[in-house]
């Protein structure tokens, strides 16, 4: 379709990338609303369809006589993230917008995303979890899954800890953010992959209301959560966070040896078991700080060593609090004091790593 050239506040071409599977009934409304939202833009819609049984691809082709739609029908390949990546390759725009076809992502938000891009953002995310954003009609379990997924990502990947909705499926980005970037995500969370691997300096989040699905099929299937965890693990490995965690664990094991050894020694010296754990734990904290500062987090050191040592102690105290509660509880239940202490140490490990990675050596 030949579109008239209009005066534009934004001199850019926008490629709206829409991965689809059984979304035939939504397309006409979706395209109409995109057209109204982008009336002042030169734009194209790239539909990447995974050979939908309801012939979504065919409906999109029919609508291409009315709207600037390019249809890619994939026969032997499936998956939302790979569909988006294919859309990136086929798009001719300066800015890409990624959104679902199920009308839960309102096209009316696109101009605000593009405004943020014009104002200097490299990536603008339509967010459910910044002030003004919300989710409509989700059951409690869906909210818990969503919040849990975000918490896992922000804890495991410190680079994105300030982003409220790093798993959103609705966002805009400059082409150069992903140009020549090797994107290879698992599952549906393509934004997470872009946030870790993409080239950008400024990200902004725009609040929106995540609406109710009108028709089509939800993408939340049984394998989704497992694939998400696999994806986070792969990104941690790519970022070097797995290597760091392994180093932290090795240092922690040396601390266990120090802790258990001195605990045994102090008890042999006649100090009560309930008290002997305190100095043995402090000695292990000092041991762990030295090795983590020199080895695990050496590339992240900044500020004074005394500040890091103080913050490391805060992390240790939080971990020790949990450790001591478990230690004393197991002693009360009659468990051997060395085993009780070992269980307590294990329980505090994750808390200490998270605090140190995000605070002490952030």
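Hey, with R₀ at 41 Å, roughly what FRET efficiency would residue 253 and residue 223 work out to, going by the Cβ-Cβ distance, to 0.05?
0.75
For the chain, what D do you get in µm² per second when you plug the Kirkwood radius from alpha-carbon pairs into Stokes-Einstein at 20 °C and 1.002 mPa s?
Translational diffusion coefficient: 92 µm²/s.
Nearest 5 percent is fine: what portion of the DSSP beta bridges confined to the chain is antiparallel?
Roughly 25 percent of the DSSP beta bridges within the chain come out antiparallel.
Please work out how much length the chain gains when fully extended from residue 115 to residue 347, using 0.36 nm per residue of separation minus the C-alpha to C-alpha distance, in nm with one decimal.
Gain on stretching residue 115 to residue 347: 78.8 nm.
In whole percent, what relative contact order does region 13-239 give with Cα contacts below 8 Å and a gap of six or more residues?
So the answer I get is 25 percent.
Would you calculate, for the chain, the mean residue ellipticity at 222 nm contributed by helices, counting each DSSP H stretch of 4 or more residues as -39,500 (n - 2.57) and dividing by all residues, to the nearest 500?
Estimated from H runs of four or more residues: -16000 deg cm²/dmol.
Taking 7 Å along the Cα-to-C-beta vector as the label spot, tell me the residue 354-residue 147 distance in nanometres, rounded to one decimal.
1.4
Build a GNM of the chain with springs between Cα atoms under 10 Å: which of 190, 150, 314 gets the top mean-square fluctuation?
314
Kirkwood hydrodynamic radius, region 269-344, all distinct C-alpha pairs: what's the number in Å?
By the Kirkwood definition, the hydrodynamic radius is 13.7 Å.
Determine, from the Cβ-Cβ distance of residue 131 and residue 237 and an R0 of 30 Å, the FRET efficiency 1/(1 + (r/R0)^6), rounded to the nearest 0.05.
Efficiency computed from Cβ-Cβ geometry: 0.35.
Label points 7 Å out from Cα along the Cβ direction at residue 278 and residue 265: separation in nm?
1.9
Considering only DSSP beta bridges where both residues belong to region 94-215, give the percentage that are antiparallel (nearest 5).
50
Where the centre of each part is set by its Cα atoms, how far does region 278-292 sit from region 63-85, in angstrom?
First find each Cα centre; the distance between them is then 57 Å.
What order do you get for 247, 237, 59 when you list them from fewest to most C-beta neighbours inside 10 Å?
237, 247, 59
Taking 0.36 nm per residue of separation and subtracting the Cα-Cα distance, what length does fully extending residue 140 through residue 325 add?
Full extension of this stretch gives 63.4 nm more.
Show me the ranking of peptides 336-343, 48-55 by mean Cβ neighbours inside 10 Å, starting with the highest.
Descending packing order for the listed peptides: 48-55, 336-343.
Relative contact order for region 241-360: what is it in percent, counting Cα pairs under 8 Å that are at least 6 residues apart?
27
Ranking request for peptides 79-91, 262-274: highest mean number of other beta-carbon atoms within 10 Å first, then the rest in descending order.
Listed from highest to lowest mean packing, they are 79-91, 262-274.
Throughout, read-outs are computed from the coordinates displayed, never taken from laboratory work. Here the structure is a predicted model, which is why all the values come from computation and not from measurement. All Cβ positions, glycine included, derive from the backbone under ideal geometry; neighbour counts span all protein chains shown.
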